[in-house]
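Input: a single structure, listed below in structure tokens.
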Amino acid sequence: MARHFDPVTLRLFVAVCEERNIARAAEREAIVPSAVSKRIAAIEEAVGAPLLVRGRRGIEPTAAGEALLRQARDLLGAMERMHAELSEFTTGVHGSVRVLASVSVLAERLPDDIGAFLKRYQRVRVSLDERISADIVRSVREGAADVGVLWEAADTSGLHTVPYRCDHLCVAVHPDHPLAKRKRVRFEETLSHSAIGVAPGGTMETMLRRQAALLGRSIVYRIQVSSLDAACRIVAAGLGLAVMPREAISPDASAAGLVLLPLADAWSQRRFVICSRGEGSVSATARLLIEHLHKKAKD
């Protein structure tokens with residue numbers, strides 16, 4: 001059975017589980033789909049149990065497949081860390097790091113901070129994807145991502161975290177809005193006006209609903225959108241106000257002529273963290289990136 005579990009096959013199996021589609025996994029790994037199917041069929045025969053089934057959302061791992069997926073990620077991660085550690089003694093730092101970040105972090109300083117890292121370590125490859133906080137935490141815990149950058153309000157128990165940057169929530173309104181002349185507003189005051197929801201199901205929306213509930217109120221969103229720039233356009237059309245991070249939307253808000261009102265509530269300052277599975281479970285390259293981001297946050 002051992003000969004079926006070579007690194008290439010394990011990587012292909014992980015790709016299929018993550019993409020939920022053999023064709024997309026094959027494209028991601030630069031191999032023909034028939035070769036992917038053949039390798040997975042071989043390990044299923046060796047195991048004596050099906051590893052994948054077709055579900056409502058595409059291909060999904062069975063119970064045996066979940067076990068293999070967890071072990072495969074650990075093994076591939078260990079091999080990546082081994083190569084990264086050894087490379088430091090030969091040709092200098094190189095390797096790859098997969099980073100997942102929340103929408104606000106990605107819209108703010110993270111791309112610039114990673115860009116500075118890549119200028120220093122030009123042999124390193126960093127993949128950067130946007131996810132909601134719950135998905136970031138799950139991916140880091142499962143080893144599907146090396147590093148996560150997200151709001152500290154998320155449940156990161158069991159993960160190693162270090163501080164990153166912070167931002168400030170504000171209320172974006174049209175210049176003709178009744179609140180537009182105010183210098184700052186309390187969140188409670190916004191609940192009497194039509195609101196635009198941003199990133200439904202995300203950590204920020206959950207927190208805003210919780211804060212409204214503590215006030216004995218509820219939020220009724222007139223429109224919900226998935227991105228900050230879409231929310232700015234809708235606010236600019238005069239369809240409602242939106243609570244969003246000031247640092248992320250300032251350029252779009254300025255271009256659209258929006259008024260940004262600071263929130264007076266104590267919880268309006270958000271702190272972000274960098275999370276990983278721990279120093280012993282990340283590659284040397286990932287550790288360098290984490291240290292770089294942490295240092296940038298203190299500059």
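The values are calculated or read from the model by the stated rules, or taken from the named source; none is laboratory data. Bear in mind the structure is a predicted one, so any value in this text is a computation, not a measurement. Reconstructed Cβ throughout: ideal geometry from the backbone, glycine too, with neighbour counts over all protein chains shown. Each accessible area value is taken on the protein alone, full model and side chains, heavy atoms only, with ligands, DNA and RNA left out. Shrake-Rupley method; radii C 1.70, N 1.55, O 1.52, S 1.80 Å.
General remarks:
- Accessible area expressed per residue, the chain, with surrounding protein chains retained (probe 1.4 Å, Å²): 51 Å²
- Under 5 Å from the amide H of Ile59 lie the amide H atoms of Asn21, each residue being 5 or more positions distant or on a separate chain, with H modelled from the backbone and absent for Pro and chain starts.
- With DNA, RNA and ligands ignored, accessible area of Ser281 (1.4 Å probe; Å², nearest 10): 50 Å²
- Whole-percent carbon and sulfur share, accessible surface of the chain, 1.4 Å: 51 percent
- Listed residues Leu228, Met244, Leu214: farthest to the positive end of the dipole of region 206-250 (Cβ charges): Leu214
- Cα gyration tensor shape for region 164-255, rounded if a/c is under 1.5, else prolate or oblate: rounded
- Each Cα pair under 8 Å and six or more residues apart adds its sequence gap; the mean of these over the residue count of region 159-299 is a relative contact order of 45 percent.
- The relative contact order of the chain, computed from alpha carbon pairs under 8 Å that lie at least 6 residues apart in sequence, is 22 percent.
- Under 5 Å, built H, 5+ apart or other chain: amide partners of Val97: Arg125, Val126, Ser127
- Radius 13 Å from Cβ of Leu261, net charge of other residues (Lys, Arg +1; Asp, Glu -1): +4
- Over region 41-181, Cα pairs under 8 Å with separation of 6+ residues give a relative contact order of 19 percent.
- Placing unit charges on the Cβ atoms of the charged side chains and taking the dipole of the chain about its Cα centre, the candidate lying farthest along the positive direction among Ala172, Ala23, Ala41 is Ala172.
- Under the span-like rule (Cα at least 20 Å along the axis, Kyte-Doolittle mean at least 0.0), DSSP H helices of the chain: 33-47
- Heavy atoms of Ile31: accessible area, 1.4 Å probe, square angstrom to 10: 50 Å²
- The heavy atoms of Arg125 present about 150 square angstrom of accessible area, all protein chains included, probe 1.4 Å.
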